[in-house]
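Student: So that we are looking at the same thing, I have put the structure below in structure tokens.
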Amino acid sequence: MVMITATTSVEVVSRETIKPLCPTPNHLRNYILSSIDQNSPPIYIPVLLFYLNNTSINTNEKLFVLKKSLGECLSEYYPLAGTFRDDYSVVECNDEGAEFIGARVNCDISQIIGTSNVKLLNQLLPFESTGNWGKFKEKAYEREVLVAAQANLFRCGGLAIGVCISHKIADGTSAVAFLNSWASKSLNNYHGYNANIVPPPIFDSARNFPPREMPRYSHDIGITNKTIVTKRFIFDSSSILALKKQASTAIIDSSDENIKFPTRVQAVSSLIWSRVLALYRSKTTYAKICVAVHAVNIRPRMESWNHQSLITRLEIIGQFPVYEVDFGWGKPEWVCSPIKSFKNLVILMGTKDGDGIEASVNLLEEDMPLFENDPQILAFANYCP
């Protein structure tokens with residue numbers, strides 16, 4: 001059970017800039033964004049990884065190795081240590097570095113794991129994923145960082161690592177590839193040898209999708225000032241199987257031979273979309289045309305690309321290997337991606353056991369009661385307050 005009190009607080013105790021261990025060569029100083037990158041929303045991908053205190057490694061050693069391995073990782077992911085030009089067409093790979101923040105939380109990590117309290121979860125991130133664009137105004141200068149991390153130490157010794165990566169240069173797949181690369185270097189530092197090697201990234205997205213003139217996103221697109229409520233719904237393996245069987249019946253009865261059986265993500269997405277539609281159509285007035293935008297990963301369909309390591313903005317919603325991110329003190333107990341400002345946004349992530357799906361649903365405050373009490377949702381999902 002998640003128990004959060006009114007006195008739960010997060011105190012920032014340190015800030016520093018982590019630069020790449022090795023300087024970026026002159027011929028790699030300009031990273032040109034692809035046409036897909038150009039058309040990406042100017043937000044950050046937030047990821048929170050929660051680790052229980054299951055080892056004898058002390059906190060200071062964890063923080064030291066985290067920072068050391070981050071510098072090593074940035075040598076390979078050198079664009080993330082750079083800065084955008086004003087027109088967002090090029091990343092100047094100038095080794096300005098990534099921001100690293102240390103913080104203390106005055107409660108046990110078990111009180112936070114599994115919460116839907118996005119306001120609290122955002123305090124565990126270096127900054128909110130929307131709204132301030134990653135600019136650290138308390139410094140003597142102001143720049144828009146491409147990646148920042150916050151290490152949150154809990155009273156019990158547990159640790160939560162919050163990371164924000166610019167969506168203008170990374171998507172979910174490449175963000176997790178970065179995390180796994182960082183973690184592998186941390187793990188190798190503990191063992192003293194290459195216990196876990198992650199292939200280096202390949203930065204050639206502009207070759208596959210050359211940049212071109214196109215309308216730019218405004219900073220507030222898709223964001224609302226209305227109150228957004230986030231709730232978590234867990235679909236376990238048995239519920240997903242039931243959803244797939246339900247869809248399979250319709251497929252068997254269809255004469256269209258091109259219809260395929262649904263995947264886990266398709267089955268869950270279909271249910272959520274149908275119930276959101278039903279919610280809006282129950283209102284006196286509603287939009288006559290509704291569109292579902294389902295981002296996918298096209299890397300496996302492009303044989304010339306490095307499927308795991310390529311940095312480019314091709315969004316994917318589904319199961320990432322986030323529960324494999326081991327910095328040297330075990331795999332995470334819980335992983336989430338808290339975004340609070342976008343209405344009608346659904347983030348699907350695989351559960352820790354690898355068989356289920358956790359859906360974080362963002363709806364207007366007035367709409368959430370109808371959705372969370374929908375009998376068809378409750379028939380398949382476990383609601384997590």
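Student: Do the conditions hold for residue 328, that is, is it modelled with pLDDT of 90 or more, more than 24 Å from residue 116 (Cα to Cα) and surrounded by 19 or more Cβ atoms within 10 Å (Cβ to Cβ)? Give the derivation first.
Tutor: Working: modelled with pLDDT of 90 or more: yes; more than 24 Å from residue 116 (Cα to Cα): yes; surrounded by 19 or more Cβ atoms within 10 Å (Cβ to Cβ): yes.
Taking the combined requirement at face value, the residue satisfies it.
Student: Within segment 118-130, how many residues are surrounded by 15 or more Cβ atoms within 10 Å (Cβ to Cβ) and at pLDDT below 90? Before the answer, list the steps.
Tutor: Filtering segment 118-130 for residues surrounded by 15 or more Cβ atoms within 10 Å (Cβ to Cβ) gives 118, 120-130.
Adding the requirement that they be at pLDDT below 90 leaves 118, 127-130.
Count: 5.
Student: Also: Just give me the residues in segment 10-46 being touching a residue at least 40 places away in the same chain (Cβ under 8 Å) and of a type in the set (S, T, N, Q), in sequence order. If you could, list the steps in order and put the result at the bottom.
Tutor: As a first pass, look at segment 10-46 and keep what is touching a residue at least 40 places away in the same chain (Cβ under 8 Å): 10-24, 28-46.
Selection gives 14, 17, 24, 30, 34, 35, 38, 39, 40.
Student: Next question, about the same structure. In segment 350-370, what residues are under 18 Å from residue 239 (Cα atoms), in contact with a strand residue (DSSP E or B) (Cβ under 6 Å, 6 or more places away or on another chain) and crowded, with 18+ Cβ neighbours inside 10 Å? Before you say what the answer is, go through the steps one by one.
Tutor: Of all residues in segment 350-370, those under 18 Å from residue 239 (Cα atoms) come to 350-361.
Next cut, in contact with a strand residue (DSSP E or B) (Cβ under 6 Å, 6 or more places away or on another chain) only: 351, 356-361.
Scanning segment 350-370 gives 356, 357, 358, 359, 360, 361.
Student: Quick check: anything in segment 343-361 part of a helix (DSSP H, G or I) and either modelled with pLDDT of 90 or more or over 21 Å from residue 241 (Cβ atoms) (or both)?
Tutor: Let us first name the residues in segment 343-361 that are part of a helix (DSSP H, G or I), namely none.
Scanning segment 343-361, I find no residue that is part of a helix (DSSP H, G or I) and either modelled with pLDDT of 90 or more or over 21 Å from residue 241 (Cβ atoms) (or both), so the answer is no.
Student: Say we look at segment 19-47 and pick out the residues that are farther than 27 Å from residue 293 by Cα and among the hydroxyl-bearing types (Ser, Thr, Tyr); which of these is surrounded by the fewest Cβ atoms within 10 Å (Cβ to Cβ)? Show your work before the answer.
Tutor: Start the filter on segment 19-47 by keeping residues that are farther than 27 Å from residue 293 by Cα, which leaves 19-31.
Cutting the leftovers down to among the hydroxyl-bearing types (Ser, Thr, Tyr) gives us 24, 31.
Values: 24: 19, 31: 21.
Step by step, filter segment 19-47, then rank; the result is 24.
Student: If you don't mind, there's one more thing I want to ask. Any residue in segment 185-203 that is in the same structural domain as residue 90 (by TED's automatic domain parsing) sitting within a Cβ distance under 7 Å of a residue that is modelled with pLDDT of 85 or more and of a type in the set (D, E, K, R)? List the pairs, counting only those 6 or more apart or interchain.
Tutor: Hits for this filter: 185/72; 187/326; 189/68; 200/76; 201/76.
Student: Out of 84, 100, I need the residue that is in the same structural domain as residue 160 (by TED's automatic domain parsing), crowded, with 18+ Cβ neighbours inside 10 Å and closer than 29 Å to residue 224 by Cβ. Which one? It would help to see each step written out before you state the result.
Tutor: Values: 100 fails: closer than 29 Å to residue 224 by Cβ.
None of the others qualify; the one that does is 84.
Student: Taking the options 337, 282, name whichever one is farther than 30 Å from residue 89 by Cα and either modelled with pLDDT of 70 or more or of a type outside the set (Gly, Ala, Ser) (or both). It would help to see each step written out before you state the result.
Tutor: Values: 337 fails: farther than 30 Å from residue 89 by Cα.
Matching residue, one of 337, 282: 282.
The values are calculated or read from the model by the stated rules, or taken from the named source; none is laboratory data. None of the values given here were measured: they were computed from a predicted structure. Here the Cβ is made from the backbone with ideal geometry for all residues, glycine too, and neighbour counts use every protein chain on show.
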